[in-house]
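Novice: Once you've had a glance at the structure underneath, I'll fire off some questions.
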Amino acid sequence: MAGAPPVEARGLVKRYGDVIAVDEVDLTVEAGDVYGYLGPNGAGKTTVLRMLLGLITPTAGQVRLFGRDPLVSGAAALEGVAGFVEAPRFYPYLTGRKNLELLAALDGGEAAKRIDEALDTVELTDRQRHRVGGYSHGMRQRLGVAAALIRDPRLLLLDEPATGLDPAGMRDMRALVARLSLAGTTVLLSSHLLAEVEELCNRVAIVRTGRIVFEGALEDLKRTAGGGWRLRTTDDGRAAEVCRTQRGIAEVRVDPLELRFEATEEAAAALSVALVEAGLAIRALAPHTATLEDLFFRLTEDGADPVSAAGRPAETEAA
Amino acid sequence: MPALRTVYAWELRKLVAQKRTYLGLAAAALVPVIFVVALTLQNGEPEDVAFGRYVRQSGLAIPPVILIFGSYWLFPLITALVSGDIVAAEDHNGTLKTILTRSVGRGRIFAAKVLAAVTYAIVALALMALTAVIGGIIVSGFHPLVTLSGTTVSAGRALLLIGASLLVYLLPLIAIASIALLLSTVTHNSAAAVVGALMISLMLQLVTIIPGLGVLRPYLLPTQFNAWQGFLRTPADWTPVIRAAWVCALYALPCIGVAYLNFLRRDVAGG
Ligand SMILES: Nc1ncnc2c1ncn2[C@@H]1O[C@H](COP(=O)(O)OP(=O)(O)O)[C@@H](O)[C@H]1O
Ligand SMILES: [Mg+2]
């Protein structure tokens, strides 16, 4: 099983009554990936991670972590795997350090020796002797990361790790994920923030109501999503005409407050010159960063089978 | 995988760190103290309780009196307080997902919890016995004890018999712990589990007084609450003791079994 990928899920389904929380999800995370599992609230991200960790039983389908099924091998399947789903939870009546000592005892091996370093990494050394009951949300989140680190994982599963953190906390969390990835840890993280996934991940799956609507490399996603620009000038009506005659500018749309179009950076630069030559002053010209909603719109507007529409290019390139 | 001993030790440490634990232990220790203090402040003795008549003749009559007083409600309550909480508290704190994603299997975690709950019952009972014996000896001395058969046994032998009686009383207590643990596992709610376990005990006591169901009486759990008195007769009456052993097992084992399976298979989606 040496070559088995860190995560391999096939046909995962989880039903809660008539709610299908996860619907036929196939997921492969290769060693070294930072994999983003991206979707809005209620898309089934947490439910997938729970199935990966063996916390809940899939209604159908299979999970393999490094080739081992958590339902069959139990805790042994989590060898080398760490992470948390939703907000990490601890015993409120124990100190942060005691919580980690407890978990290290349940890990066995060298875990206890890594506690100091882990506390240091998440900057909780000063508060380690305080009860978790008095910790803020951000501190608990960090303690959750420390609890994962003491397992020295080869695969890290994180469920919206930056949610509820302040900007500095978010930045630290992302820096940590980037650093762990550089050190060779495979990471699967769920998120509802496109920007977060863009910053950290090399592969993404986009999910909506339990289904994957895009799966592939981040570059392919950017190609699908990118190229949008917003323009405001002193006279948007005439600017639209300039845009339409300009080479490399496509999909020009006149919105009440601004113009939108698609172009490469070079074409947009050339357009700015053309606008000025036409006697128009530019108030704003900026690349439009796609939101998750934009992506859904793009990924699903082409037809009934969005995965083949968007996901295939990546596969044919690889072949 | 870490040894059961390690997981069990941490279950105990968790108990030591929780206030609820001390509520039960304090009650177990205080009841004999209150009794002994009352005895020194007042004249007379609790005539209508077995051994009550002798509490001023021998300090060793006090532990049985306390046990009779607490056997139906107090000690089952103290036991259920922890065993009804030991799984549900994990649900309440959302920590099941935390401990079930480490390197210990669910079965071992459950086993550690069962052991910790039983350990707690033993400690509470021992604490009661210790304060009752010490307090009893202080106020009434270390003297021979008149048994339920009217014979007198030496103080040393009486102490031994009290120890044996406590072990027998532990059997129904473990059955109560098992019921509370089952409810704790299934309901995910510690209050429901504590109250539920006592309600079941009460319900079974009710059965014993329903006419026509009297034949069931020897096989009901509450009946086993005074099986220990068999050892305070001369010669010792083994019948209730042996019956307590298998009847209690009949209550405890299925409860533990069902709780175990539930814990092994349940979806851990809370927290
Ligand atoms: N334990 C549960 N019982 C019933 N429904 C659930 C449960 N867990 C999740 N769901 C439902 O499944 C869907 C997906 O939930 P979740 O995985 O938490 O989404 P996400 O993490 O992407 O926000 C939601 O509609 C949610 O209501
Ligand atoms: Mg979620």
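Novice: Among all residue pairs at least 6 apart or on different chains, which show Cβ distances below 9 Å where the first residue, located in the range A:14-26, is more than 11 Å from A:V48 (Cα to Cα) and assigned by TED's automatic domain parsing to the domain that holds A:K45 and the second is open to solvent by 80 Å² or more (accessible area, probe 1.4 Å) and more than 7 Å from ligand 1 (Cβ to nearest atom)?
Specialist: Note: pairs meeting the criteria are A:I20/A:T209; A:I20/A:R211.
Novice: For the range A:57-88, enumerate the residues that are part of a loop (DSSP other than H, G, I, E, B) and within 16 Å of ligand 2 (Cβ to nearest atom).
Specialist: We begin by selecting, within the range A:57-88, every residue part of a loop (DSSP other than H, G, I, E, B); these are A:57-59, A:66-67, A:69, A:79-80, A:85-88.
A:V85, A:E86, A:A87, A:P88 - these are the residues of the range A:57-88 that are part of a loop (DSSP other than H, G, I, E, B) and within 16 Å of ligand 2 (Cβ to nearest atom).
Novice: If a residue has to be more than 14 Å from chain B (Cβ to nearest Cβ) and among the acidic types (D, E) to count, how many in the range A:97-144 make the cut?
Specialist: The qualifying residues number 5.
Novice: Kindly indicate the residue of the range A:31-51 that is more than 13 Å from ligand 2 (Cβ to nearest atom) and part of a loop (DSSP other than H, G, I, E, B) and also surrounded by the most Cβ atoms within 10 Å (Cβ to Cβ) among those meeting that condition.
Specialist: If we take residues in the range A:31-51 being more than 13 Å from ligand 2 (Cβ to nearest atom) and part of a loop (DSSP other than H, G, I, E, B), then A:D33 is surrounded by the most Cβ atoms within 10 Å (Cβ to Cβ).
Novice: Among the residues of the range B:96-116, how many are more than 7 Å from chain A (Cβ to nearest Cβ) and among the small types (G, A, S)?
Specialist: The qualifying residues number 4.
Novice: Taking A:T245 and the conditions (1) free of Cβ contacts under 8 Å to residues at least 60 places away in the same chain; (2) surrounded by 12 or more Cβ atoms within 10 Å (Cβ to Cβ); (3) out of contact with any strand residue (DSSP E or B) (no Cβ under 6 Å at 6 or more places or on another chain), which numbered condition does it fall short on, given that it satisfies the others?
Specialist: (2)
Novice: Quick one: in the range A:109-122, of everything that is of a type in the set (G, A, S) and open to solvent by less than 20 Å² (accessible area, probe 1.4 Å), which residue is nearest to A:P153 (Cα to Cα)?
Specialist: A:A111
Novice: Moving on. Can you say whether A:V63 is within 21 Å of B:L96 (Cα to Cα) and more than 12 Å from ligand 1 (Cβ to nearest atom), as far as the supplied structure shows? Lay out the reasoning, then the answer.
Specialist: Working: within 21 Å of B:L96 (Cα to Cα): yes; more than 12 Å from ligand 1 (Cβ to nearest atom): yes.
Taking the combined requirement at face value, the residue satisfies it.
Novice: Still on this structure, please answer the following. Scan the range A:219-242 residue by residue and report those that are at pLDDT 85 or above, open to solvent by 50 Å² or more (accessible area, probe 1.4 Å) and under 26 Å from A:E198 (Cα atoms). Working first, answer last.
Specialist: Step one: list which residues in the range A:219-242 are at pLDDT 85 or above, which gives A:229-242.
Filter again for open to solvent by 50 Å² or more (accessible area, probe 1.4 Å), leaving A:230, A:232, A:234-235, A:238, A:241.
Answer for the range A:219-242, where residues must be at pLDDT 85 or above, open to solvent by 50 Å² or more (accessible area, probe 1.4 Å) and under 26 Å from A:E198 (Cα atoms): just A:R230.
Novice: While we're on this one: Give the residues of the range A:249-280 that are open to solvent by 50 Å² or more (accessible area, probe 1.4 Å) and not β-branched (V, I, T), sorted by residue number.
Specialist: Of all residues in the range A:249-280, those open to solvent by 50 Å² or more (accessible area, probe 1.4 Å) come to A:251, A:253-254, A:256-257, A:260, A:262, A:264-266, A:269, A:273, A:276-277, A:279.
A:E251, A:R253, A:P256, A:L257, A:R260, A:E262, A:E265, A:E266, A:A269, A:E277, A:G279, listed by residue number.
Novice: Give the range A:179-192 a look and list any residue that's without any contact (Cβ under 8 Å) to a residue 40 or more places away in the chain and of a type outside the set (D, E, K, R), or say none. Give the steps one after another, and end with the answer.
Specialist: Let us first name the residues in the range A:179-192 that are without any contact (Cβ under 8 Å) to a residue 40 or more places away in the chain, namely A:179-180, A:182-183, A:185.
Passing the criteria: A:L180, A:L182, A:A183, A:T185.
Novice: Within the range B:250-271, restricting attention to residues that are more than 14 Å from every other protein chain (Cβ to nearest Cβ) and either over 17 Å from B:A111 (Cβ atoms) or not in a helix (DSSP H, G or I) (or both), which residue is nearest to ligand 1 (Cβ to nearest atom)?
Specialist: This residue is B:Y251.
Novice: For the range A:123-210, which fully contained strands (runs of 3 or more DSSP E) count at least 1 residues that are open to solvent by 30 Å² or more (accessible area, probe 1.4 Å)? Please lay out each step first, then the result.
Specialist: On the way: elements: A:155-159, A:186-191, A:203-208.
In the range A:123-210, the matching strands (runs of 3 or more DSSP E) lie at A:203-208.
Novice: I'd like the full set of residues that are within 17 Å of A:R64 (Cβ to Cβ) and within 16 Å of ligand 1 (Cβ to nearest atom), limited to the range A:10-31.
Specialist: Initial filter on the range A:10-31 (within 17 Å of A:R64 (Cβ to Cβ)): A:10-14, A:22, A:24-31.
Correct list: A:L12, A:V13, A:K14, A:V22, A:E24, A:V25, A:L27.
Novice: Against the definition (within 14 Å of chain B (Cβ to nearest Cβ), within 14 Å of ligand 2 (Cβ to nearest atom) and among the hydrophobic types (A, V, I, L, M, F, W, C)), how does A:A21 come out, yes or no?
Specialist: Details: within 14 Å of chain B (Cβ to nearest Cβ): yes; within 14 Å of ligand 2 (Cβ to nearest atom): yes; among the hydrophobic types (A, V, I, L, M, F, W, C): yes.
For A:A21, the condition - within 14 Å of chain B (Cβ to nearest Cβ), within 14 Å of ligand 2 (Cβ to nearest atom) and among the hydrophobic types (A, V, I, L, M, F, W, C) - is met.
Novice: Here's another thing I want to ask about it. Only one of these is modelled with pLDDT under 95, within 16 Å of ligand 2 (Cβ to nearest atom) and at positive phi: A:G108, A:G164. Name it.
Specialist: Numbers: A:G108 fails: within 16 Å of ligand 2 (Cβ to nearest atom).
The match here is A:G164.
Novice: Further, regarding this structure: With respect to the numbered conditions (1) in the same structural domain as A:G44 (by TED's automatic domain parsing); (2) in a strand (DSSP E or B); (3) closer than 30 Å to A:A267 by Cα, which one is the sole condition not fulfilled by A:R232?
Specialist: (1)
Novice: Looking at the range B:3-26, which of its residues are more than 14 Å from chain A (Cβ to nearest Cβ) and touching a residue at least 60 places away in the same chain (Cβ under 8 Å)?
Specialist: B:G24, B:L25, listed by residue number.
Novice: Moving on. When you check A:V7 against the structure, is it under 19 Å from A:S191 (Cβ atoms), within 15 Å of ligand 1 (Cβ to nearest atom) and crowded, with 18+ Cβ neighbours inside 10 Å, yes or no?
Specialist: Values: under 19 Å from A:S191 (Cβ atoms): yes; within 15 Å of ligand 1 (Cβ to nearest atom): no; crowded, with 18+ Cβ neighbours inside 10 Å: yes.
So A:V7 does not fit the description; no.
Novice: Kindly indicate which of A:V81, A:V34 is more than 16 Å from ligand 1 (Cβ to nearest atom) and away from chain B (no Cβ under 14 Å).
Specialist: Only one candidate qualifies: A:V34.
Novice: Another one. Answer with yes or no whether A:G54 is in a loop (DSSP other than H, G, I, E, B), at positive phi and surrounded by 15 or more Cβ atoms within 10 Å (Cβ to Cβ). Can you show your working first?
Specialist: Details: in a loop (DSSP other than H, G, I, E, B): yes; at positive phi: yes; surrounded by 15 or more Cβ atoms within 10 Å (Cβ to Cβ): yes.
In short, yes.
Novice: Evaluate the range A:37-56: report whether one residue or more is closer than 21 Å to A:A87 by Cα, more than 10 Å from ligand 1 (Cβ to nearest atom) and of a type in the set (F, W, Y).
Specialist: No: zero hits.
Novice: Have a look at A:F66, A:F90 and point out the one that is out of contact with any Phe, Trp or Tyr (no Cβ under 7 Å at 6 or more places or on another chain), closer than 18 Å to A:Q141 by Cβ and of a type in the set (F, W, Y). Before the answer, list the steps.
Specialist: On the way: A:F66 fails: closer than 18 Å to A:Q141 by Cβ.
Going through A:F66, A:F90 in turn, the sole match is A:F90.
The values are calculated or read from the model by the stated rules, or taken from the named source; none is laboratory data. Just so we're clear, the structure is a prediction, and the values are computed from it rather than from any experiment. Heads up, the Cβs are rebuilt from the backbone with ideal geometry, glycines too, and the neighbour counts pull from every protein chain shown. Each accessible area value is taken on the protein alone, full model and side chains, heavy atoms only, with ligands, DNA and RNA left out. Shrake-Rupley method; radii C 1.70, N 1.55, O 1.52, S 1.80 Å.
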